[in-house]
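Accompanying notes for the structure given below.
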Ligand SMILES: [Zn+2]
């Protein structure tokens, strides 16, 4: 399954971070994806393929008009 997301969007992952959060913000998109935990502000970098297997949902961070 392929997901569409960009910098600033939020990802809900299947696996819980040790801090208890499932929600991450996308900081950088490339062959590796950099994520910021929205609860504890820890940053992780994951290969895109590994990450996409773990995504449960994408929440778009669209600017309000
Ligand atoms: Zn965390």
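The values are calculated or read from the model by the stated rules, or taken from the named source; none is laboratory data. On a predicted model such as this, the values are computed, not experimentally measured, just so you know. Note that each Cβ is placed from the backbone with ideal geometry, even for glycine, and that neighbours are counted across all protein chains shown.
General remarks:
- Pairs, first under 16 Å from residue 16 (Cβ atoms) and touching a residue at least 12 places away in the same chain (Cβ under 8 Å) in region 30-58, second more than 16 Å from the ligand (Cβ to nearest atom) and assigned to a loop (DSSP other than H, G, I, E, B), C-beta under 8 Å, six or more apart: 55/3
- Scope region 7-52; condition in contact with a helix residue (DSSP H, G or I) (Cβ under 7 Å, 6 or more places away or on another chain) and either closer than 22 Å to residue 63 by Cα or within 11 Å of the ligand (Cβ to nearest atom) (or both); matching residues: 13, 33
- Selection status of residue 8, within 12 Å of the chain's Cα centre (by Cα) and in a loop (DSSP other than H, G, I, E, B): yes
- Note on region 30-44: residues that are part of a strand (DSSP E or B) and either modelled with pLDDT under 95 or under 10 Å from the mean Cα position of the chain (by Cα) (or both) total 6.
- Scanning region 1-22 for residues that are surrounded by 12 or more Cβ atoms within 10 Å (Cβ to Cβ) and without any contact (Cβ under 8 Å) to a residue 24 or more places away in the chain yields 7, 21.
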